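The values are calculated or read from the model by the stated rules, or taken from the named source; none is laboratory data. In this text, all values refer to a predicted model and were calculated from it rather than measured experimentally. Positions of Cβ are generated from backbone atoms using ideal geometry, with glycine treated the same way; all protein chains shown enter the neighbour counts. SASA here: full protein model, heavy atoms, side chains in, ligands and nucleic acids out. Shrake-Rupley method; radii C 1.70, N 1.55, O 1.52, S 1.80 Å.
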Amino acid sequence: MTRRRGAAVAAAWLAVVLTGGGCAYFGRQGAQDTENLLAAAGFTMKSADTPDKLAHLKQMPVRTIVSRSRSDQLVFTYADPDYCKCLWVGNAKQYNTYQRLVQERQVAQMRLMAAEDAEMASMNWGMWGPWWW
């Protein structure tokens, strides 16, 4: 009985570790996708290359674009203290370009999904028999 309980506990921990690893992967992938779009929009990446900069970066909203007013200009920042350990900085023009790129990407993804749906709809699944076989 204790051997089974130990195996069950080990299996539960393994599931937690694998699930957490998956979440970390998708979090990192999402951050990378956003940072690629920020770079394409012309944002500048500033590395947190000192302990003070990294500490300051960790106090900022994480992986969220935030607008700030600096010297009568609107500045947009995106802090990533976990993956790139950097701060992305851009102006209003670059932010608008980023928004346009995000929208273009969403439209492309919707078109891809529609094309995949159309392809699946054209398949003659009936010739393969019932789905439960």
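Numerical summary
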read-out: Any hit, the stretch 117-133, residues being open to solvent by 40 Å² or more (accessible area, probe 1.4 Å) and within 23 Å of GLN29 (Cβ to Cβ); value: no
read-out: Qualifying residues in the stretch 73-94 (those that are open to solvent by 50 Å² or more (accessible area, probe 1.4 Å) and under 19 Å from the mean Cα position of the chain (by Cα)) - the one farthest from GLN29 (Cα to Cα); value: LYS85
read-out: Hits in the stretch 36-72 - residues which are in contact with a Pro (Cβ under 6 Å, 6 or more places away or on another chain) and either more than 14 Å from ASP82 (Cβ to Cβ) or open to solvent by 70 Å² or more (accessible area, probe 1.4 Å) (or both); value: LYS58
read-out: Verdict on THR97 being open to solvent by less than 40 Å² (accessible area, probe 1.4 Å), of a type in the set (S, T, N, Q) and touching a Pro at 6+ places or on another chain (Cβ under 9 Å); value: no
